[in-house]
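Worksheet: the structure to be examined is printed underneath.
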Amino acid sequence: MKLSVIYDSKTGNTAKMAECIVKGAQETEGVEAKAFSISNIDQDFVKESKAVIFGSPTYNGSLSAAMKAWLETEPVKLNVAGKLGGAYATAAFVHGGADLAIQCILTHLMVDGMMVYSSGQAKGMPVIHLGPVAISDSLGAYTELFCLYGKRMAEQMTEIFS
Ligand SMILES: Cc1cc2nc3c(=O)[nH]c(=O)nc-3n(C[C@H](O)[C@H](O)[C@H](O)COP(=O)(O)O)c2cc1C
């Protein structure tokens with residue numbers, strides 16, 4: 001079963017964290033996961049995916065304009081309705097608005113008919129409420145969390161769609 005991660009990334013942080021999600025997702029048996037920049041997407045792979053996770057840098061307390069513009073027009077072309085959806089963000093500051101960026105992405109996913117999931121507090125510690133956030137000057141401190149998030153998303157996808 002396929003899982004896609006789609007991100008915007010200007011300086012590489014959001015791309016790096018996408019690879020952590022991929023790594024964690026692939027720990028689940030039978031799951032093939034791949035990450036794509038919004039500028040270079042394997043459309044067939046995404047269309048075949050049962051879960052799609054979206055990532056953005058935090059810009060001015062929200063998602064990047066590029067990600068916002070992409071979300072306005074492209075997901076519907078990738079038949080995302082009915083798929084499991086999730087979101088994550090990177091940011092410079094813990095108080096920089098990453099949760100708001102994630103919330104905005106999740107709103108787009110609901111508008112497009114996706115089933116939004118994060119694992120919340122249902123899987124115990126560490127809780128992931130809206131989606132995981134990584135702070136840019138210490139990305140390494142968040143790799144384990146992002147792998148775990150990928151694993152939880154893949155497990156939920158498998159539970160729903162098997
Ligand atoms: C134009 C611009 C606006 C930003 N605004 C914020 C912000 O409001 N809050 C924050 O925490 N970080 C902010 N940042 C920092 C980025 O969110 C952070 O460096 C992010 O990890 C960059 O992701 P990327 O390497 O994938 O491009 C901003 C960066 C830029 C370039």
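The values are calculated or read from the model by the stated rules, or taken from the named source; none is laboratory data. As the structure is a computational prediction, the values presented were derived from the model and not from experiment. Note: ideal-geometry Cβ built from the backbone for every residue, glycine included; neighbour counts use all protein chains shown. These area figures cover heavy atoms from the full protein model, side chains too; ligands, DNA and RNA do not enter into them. Shrake-Rupley method; radii C 1.70, N 1.55, O 1.52, S 1.80 Å.
Hey, what does the equivalent ellipsoid look like for the range 1-128, semi-axes from the Cα gyration tensor as sqrt of 5 times each eigenvalue, largest first, whole Å?
Semi-axis lengths for the range 1-128 are 20, 18, 15 Å.
Please find, in a Gaussian network model of the chain (springs between Cα atoms separated by less than 10 Å), the residue of MET67, MET125, MET17 whose mean-square fluctuation is greatest.
Result for the chain, Cα springs under 10 Å: MET125 fluctuates most.
Return the lysines within reach of LYS34: Cα separation strictly under 20 angstrom, same-chain partners fewer than 8 residues apart disregarded; answer none if there are no such residues.
Straight-distance partners of LYS34: LYS2, LYS10, LYS16, LYS23, LYS47, LYS50, LYS77, LYS83, LYS151.
Around ILE21, under 14 Å between beta carbons, what's the net of Lys plus Arg minus Asp minus Glu among the other residues?
So the surrounding residues net to +1.
Can you tell me the accessible area per residue over the range 2-161, all protein chains present, probe 1.4 angstrom, in square angstrom?
46 Å²
So for THR90, THR158, THR11, THR73, what's the accessible-area order with a 1.4 Å probe, most first?
THR11, THR73, THR158, THR90
What is the magnitude of the charge dipole of the range 2-161 about its Cα centre, with +1 placed on the Cβ of each Lys and Arg, -1 on the Cβ of each Asp and Glu, and no other charges, expressed in debye to the nearest 20?
Taking the Cα centre of the range 2-161 as origin, the dipole is about 80 debye.
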